[in-house]
Amino acid sequence: MPERNPKALRRAIAQHAPKLLPDFDEHWKWAIADAYDVGPVSAFMAFWWGEYAMARDPELDARVRDLELRAAESTDIAEAKALLEEAAKIRHRVQELEPGE
């Protein structure tokens, strides 16, 4: 993982997960670029930190997407909830990755 700042994260995305770059840049322009308050930066970083962490591990990314898709298609509420909880745990775990990991 890169240093935990927007510029380093953008460079890492451009180098290792370029498919995410258009969405990252668009989100930055929409949520941060014209902001007069830096408050949203931490939420922006948290979201994109996790997206990048998953994109650099295609198997993990596929696993989470599969869990979310199966939950969306499930007609059993308990099953859908369990699938979404498992996906959320993975997403939460990647949020905790530190630079260099």
Name the residue that is surrounded by the most Cβ atoms within 10 Å (Cβ to Cβ), counting only residues in region 2-40 that are among the aromatic types (Phe, Trp, Tyr) and under 21 Å from Pro99 (Cβ atoms). Phe24
Run Arg11 past the list (1) at pLDDT 95 or above; (2) within 29 Å of Glu85 (Cβ to Cβ) and report the number of the one that doesn't hold. (2)
Taking only pairs six or more apart or across chains, which ones have beta-carbon atoms under 8 Å, a first residue in region 63-81 that is farther than 17 Å from Glu51 by Cα, and a second residue that is part of a loop (DSSP other than H, G, I, E, B)? Ala80/Ser74
Would you call Ala53 assigned to a helix (DSSP H, G or I), at pLDDT 95 or above, under 15 Å from Arg10 (Cβ atoms) and touching a helix residue (DSSP H, G or I) at 6+ places or on another chain (Cβ under 6 Å)? yes
Restricted to region 58-96, and to residues that are at pLDDT 95 or above and in a loop (DSSP other than H, G, I, E, B), which residue is surrounded by the fewest Cβ atoms within 10 Å (Cβ to Cβ)? Thr75
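The values are calculated or read from the model by the stated rules, or taken from the named source; none is laboratory data. Please read all numbers here as calculations on a predicted model, not as lab measurements. Backbone-built Cβ (ideal geometry, glycine too); neighbour counts: all protein chains shown.
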